[in-house]
Each structure stands twice: as C-alpha cells, then as structure tokens.
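One structure below.
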Amino acid sequence: MAMDKVDVLIIGGGISGLASAWWLARSGLSVEVWEASERPGGKIMSTRQDGYLTERAASMVLNFRPEVAELVREAGLEPEKTTRLPAAESRRYLLQQGRLNALPMRLGAMVASPLWSLRGKLRLLAEPFILSSGRADEPVSEFITRRLGHEVLDKAMGPFVAGMLAADADQASAAAVLPRLVALEQRYGSIGAGILVNRLLRKRTASTTETFSFRGGMGTLVEALAKTPGINLRTGHAAEELVRLRDSWQAAATTPQGQRAVTAQHVIVTTPAPAAAALVDSLDSELAELLRGIDYAAVAVVHTGLTRDAVGHPLDGTGFLAPKKESAALTGNLWMSTLFPDRAPPGKVLLTSYLGGARAPQVADWDDDHLVNEALEMLRPLIDLKADPEMVRIDRHREALPLYHGAYQARMQAIAARLQHIQGLHLEANYKGGVSVRDRLACGHAVASKILRAQQWPSIERKRREETERPGAKATCPIESMDAAIK
Ligand SMILES: Cc1cc2nc3c(=O)[nH]c(=O)nc-3n(C[C@H](O)[C@H](O)[C@H](O)COP(=O)(O)OP(=O)(O)OC[C@H]3O[C@@H](n4cnc5c(N)ncnc54)[C@H](O)[C@@H]3O)c2cc1C
C-alpha cells in the first residue's frame, strides 16, 4: 500500500472540510481532503434544469463575519457574488390562520408593525425586569417565552427554528441555537440592556450584514474552494480507519484504485456525526457514543418552476415560513427568483418548498408524488396557484441537519473534553458551532488557526505570524446561527 505524508488530512469534502482546507493551504501547509463521493461540496450542490437554477441545500449566505468576507474576496469570488434583489430586501411572510401575513425582516421593525398586538408590545417592555432561569440548556420556547413573551416565539423564533434549522423550539437548546441572546442575558441580565450596552460600546462582530449567493449558485463556492492551489482533493476516498502513531496519524481509505493510506500531523474529521463516530470508535468509544447521540432531521426540498402568470401572489418578499400549528410537513417556501437574479428563465418563477424536519420525520418515506402534492396543496390557496408547475425537481436528505436538541451544550462540552486527550484530532462539522455556511467558513478558520498555533511549522512561521498579528483576525467558532437576525 502506497503511503504518502501530509501536514493535515481532512476527512469529508463538504463546506466544513473545504473551508478548513482553504485556510490551512493559504498558510502554506500541505493539505489533503478525502471525500467519499465523486464530487466535492457535500450537501451543497447547484443544478441547472430546464433553465432553472436550483439548490440542493444551502441557497444563500447571511454574513456579518469579517473572515468570511475575506475568504470570499481572496478566493476570487467577489465578481461571482450576487446579492439579494431589492424586492426581497424588506419582507418575509408568515403563515397565520391560513393566510400569508407580511412581516418586516428585522425583529425591531416587526414588533413595531401593526401585526404585533398591543399586549405583545407591552410584554416586551417587561423584558429588562425578567429574572434569569439559571437553567443550563433551557429549550428555545421556554427561554423566548420567559424573556420576550409568546408572540415572539409564535411569530419569529418558532418558525425560524423550524424553517432554518429543521428543529423544534420545544426541544432545541437555547444556548446552542441562540448563543448570543443567552450570553446577553447571562452577562447583562437582559437582552435589551445587553444590546443597548453593546451598541453604546460599538461592539459589533462586523460592520455590515450581507445576504448573498453566487451567479452559478452556491456550487460556485464549493467548486472554487476545491480548486484552490495547495488543496489536494481526493474524491472517491471513503475513510475507514484512523490510527494514532507515536507523534502522528495514519489514515486509510477505500478508493476505486484500492486501499490508500497517508500519515498526517493533524486530522480534521468533517463528516456528519454518525460517520465521525465510526471513525473514532476504536480510539475512544465514549467519544463515539457522544457523537452517535446527535439526532438528525430529514428534509425534502421540492423545487417548482412556473410561468409568472400561474401565480396570483405578487411574490414580493423572500418567501414564507410556516409554524407547526399551521402546517404539518411544509416548514417554508423560498421565492428563489425574487431573491436572486437568473434563477428562472424570463417570465418564469422558481419557488422552493422545504418539508420535514423534526416536526415531520415521515417525509423521508414519502414518494415523489406525495411530496409534490403536499407542497402544491399548501401553496395553491396561499399564493393563488392557477396552474401546475412546468418544472419539478426533488432533493432529499435523510441526515439533512443535526438537531441541537436536549442538553446540547453539555454534549459539546463532553466532546471537547474527550478531544483534549487525543492530540492532533479535530472534529469540525455542522453539529458543532452552527449549521450555516457562514458558521462553517468561520469554524474552518478557527480550526486552521488552532492547528497553526499547536505546532511550529518552520515553512510557514512567517506567514503564521502575519496571520495572528493581523487586526480583526481573531479566530472563533461562533455558534451564532439563529440570532444573527436580531440586531
Ligand atoms: C435543505 C437545506 C437547506 C439549507 N439552507 C441553508 C442556507 O440557505 N444557508 C446556509 O447558510 N445553510 C443552509 N443549510 C445548511 C448547510 O447547507 C449545511 O449545514 C452544510 O452544507 C453542511 O456542510 P458540512 O461540510 O458540515 O457537511 P456535509 O455537506 O454533509 O459534508 C460532509 C461530507 O463528508 C463526506 N463523508 C462522509 N463520510 C465520509 C468518509 N468516511 N470518508 C470521506 N468522506 C466522507 C460526505 O460525502 C460529505 O461530502 C441548509 C441545509 C439543508 C439540508
């Protein structure tokens, strides 16, 4: 068996693996990425079908982190970027009592709008006087209701947690899903007071918040990262074994050409948790057990292409979110052709429905007709559908998103504690530090910085110094996916 030597081996070629690889290769380390399938990108894939551009998973990046902006710029992707079209800037819709109600994008404007009851507004004024529960891993629904009242849960957080994280607000850990809000409560005793103090001190993670995709869709991002000079991407490489040697690692993969092994100083495992558990089982069975305990939600994505006049609704927003009491399986519908240019041929629209999540695991077993019918039945009255779609595409994910449910922070802390005893092994995927593409890119930066700090790499010492001395280059793995919307 041939045995190569690399500085860092990355297992898994999704956005988590590619982002880590990009930051490391940029610092001059030799990096190999093993991807089990035949293409890089993992869940992310953009597809052109009949003139429509569809997204299998992530369809946009909501960014406020400087290192993410830096990666996009330095990967040469600035000219490829497409920002949200003006029509999708100001509103999203919420399904309430069988109707779509327009809501402003920002929570502040949302609460000030006539859609918010006087009682809900008065309840918000009480927020600074509410005591902390003192409970670790309090569920999102309890945390939000306790601090901000039922209306914020029903009209904002509940539908967000379901629509964007496929999770259930009654089970999701507030500390894992809303870390910024929980930190504000812990630090200042109140979310409102914390936001005010941070504003006064001008404490912001970045100066601008931007929502963007790319001309060719999110596939452009993963393809560009995969082609970066210095990243040696090996597709068709399914990692099977990890062995700790005296001061390095040996990993083996099955490939179409037979077995392949490499030695590496550091290994980053970026696969979903069940595959990571299988890889670390022989090293630390308790770590494997902690990983196996992470539940995943299944999601089906139904893309529908229609002629513009087949839809009566003005489609003047990002789309709509559907709370669980309003909809059994459909969690939301994005109006992709309103969001970004060139998603549908002229005179046509592209609407993408998301079904499943924690609320409806049964969708994983529905056949295509069942999925399409469910989506269309919901859409028909809401957006005044007058005809059937001319294009339908379905993308299914059995392990769509990890659910940050239960005592999730305690689980993450236990995982971190076990990893402290396994030198040179890193776990970095969307079950840790946020599921969004932004968080994945930022966590890639954080793990790369950690590896660069952990070892004296003579060839890159100068670059490393530049990196750590650069202002604003503080590497953190943020865990702040959800509450980014609250400013
Ligand atoms: C339907 C949907 C919509 C979404 N929308 C958005 C959005 O609009 N914006 C946003 O920011 N985020 C969104 N997300 C979240 C985001 O897309 C994902 O969290 C992210 O892409 C996950 O990346 P990852 O690299 O951690 O995992 P993955 O993409 O799952 O990559 C893991 C890789 O590891 C490989 N692998 C597994 N086992 C092995 C092995 N033994 N050896 C080698 N390789 C292996 C797999 O083949 C895979 O390629 C969405 C997710 C879904 C499912």
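A few notes on this one:
- In the range 20-30, the residues that are within 20 Å of Thr220 (Cα to Cα), among the small types (Gly, Ala, Ser) and more than 10 Å from the ligand (Cβ to nearest atom): Ala21, Ala25
Let's see how each residue does on (1) touching a helix residue (DSSP H, G or I) at 6+ places or on another chain (Cβ under 9 Å); (2) charged (D, E, K, R); (3) farther than 22 Å from Thr318 by Cα:
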position: Val111; (1), (2), (3): yes, no, no
position: Leu122; (1), (2), (3): no, no, yes
position: Ser132; (1), (2), (3): yes, no, yes
position: Glu138; (1), (2), (3): yes, yes, yes
position: Thr145; (1), (2), (3): yes, no, yes
position: Glu151; (1), (2), (3): yes, yes, no
position: Ala156; (1), (2), (3): yes, no, no
position: Val161; (1), (2), (3): yes, no, no
position: Ala172; (1), (2), (3): yes, no, yes
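- Any pair with Cβ under 6 angstrom, 6 or more apart, that starts in the range 284-304 at a residue that is at negative phi and ends at one that is among the aromatic types (Phe, Trp, Tyr) and assigned to a loop (DSSP other than H, G, I, E, B): Ile294/Tyr431
- Subset of the range 45-80 (residues that are of a type in the set (S, T, N, Q) and open to solvent by 20 Å² or more (accessible area, probe 1.4 Å)): Ser46, Thr47, Gln49
- Close Cβ contacts (under 8 Å, 6 or more residues apart or on different chains) running from residues in the range 31-52 that are within 12 Å of the ligand (Cβ to nearest atom) to residues that are part of a strand (DSSP E or B) and open to solvent by 50 Å² or more (accessible area, probe 1.4 Å) comprise Glu32/Asp4; Glu32/Asn232; Glu32/Arg234; Val33/Asn232; Val33/Arg234; Trp34/Arg234; Glu35/Arg234.
- Residues in the range 430-458 that are of a type in the set (A, V, I, L, M, F, W, C), away from the ligand (no atom under 16 Å from the Cβ) and not in a helix (DSSP H, G or I): Trp457 alone.
- Within the range 314-346, the set of residues being of a type in the set (Lys, Arg) and either within 15 Å of His303 (Cβ to Cβ) or touching a residue at least 12 places away in the same chain (Cβ under 8 Å) (or both) comprises Lys324, Arg343.
- Qualifying residue in the range 21-34 (condition: over 23 Å from Pro272 (Cα atoms), hydrophobic (A, V, I, L, M, F, W, C), open to solvent by less than 30 Å² (accessible area, probe 1.4 Å) and not assigned by TED's automatic domain parsing to the domain that holds Glu240): no
- Residues (surrounded by 21 or more Cβ atoms within 10 Å (Cβ to Cβ) and in contact with a strand residue (DSSP E or B) (Cβ under 8 Å, 6 or more places away or on another chain)) located in the range 396-414: Ala400, Leu401, Pro402, Leu403, Tyr404, His405, Tyr408
So that you can scan it fast, the table gives a plain yes or no per residue for (1) small (Gly, Ala, Ser); (2) under 30 Å from Leu153 (Cα atoms):
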| site | (1), (2) |
| --- | --- |
| Ser20 | yes, no |
| Arg26 | no, no |
| Arg65 | no, yes |
| Val68 | no, yes |
| Val72 | no, no |
| Ala75 | yes, no |
| Glu80 | no, no |
| Leu85 | no, yes |
| Leu95 | no, yes |
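- Test: residue in the range 333-355 that is more than 29 Å from Glu210 (Cβ to Cβ), surrounded by 23 or more Cβ atoms within 10 Å (Cβ to Cβ) and aliphatic (A, V, I, L, M): no
- Residue in the range 189-207 that is touching a Leu at 6+ places or on another chain (Cβ under 6 Å), of a type in the set (A, V, I, L, M) and in a helix (DSSP H, G or I) present: yes
- Summed over the range 285-321, the residues that are acidic (Asp, Glu) and either surrounded by 18 or more Cβ atoms within 10 Å (Cβ to Cβ) or within 15 Å of the ligand (Cβ to nearest atom) (or both) give a count of 1.
- Being surrounded by fewer than 18 Cβ atoms within 10 Å (Cβ to Cβ), under 30 Å from Thr83 (Cβ atoms) and not charged (D, E, K, R) is not true of Pro274.
- The helices (runs of 4 or more DSSP H) found entirely in the range 83-157 that carry 2 or more residues being among the β-branched types (Val, Ile, Thr) and open to solvent by less than 40 Å² (accessible area, probe 1.4 Å) are 140-148.
The values are calculated or read from the model by the stated rules, or taken from the named source; none is laboratory data. Remember, it's a predicted structure, so these values are computed and weren't measured experimentally. FYI the Cβ positions are ideal-geometry reconstructions off the backbone, even for glycines, and counts take in every protein chain you see. Side chains are part of the model used for accessible areas, which takes the heavy atoms of the whole protein and leaves out ligands, DNA and RNA. Shrake-Rupley method; radii C 1.70, N 1.55, O 1.52, S 1.80 Å.
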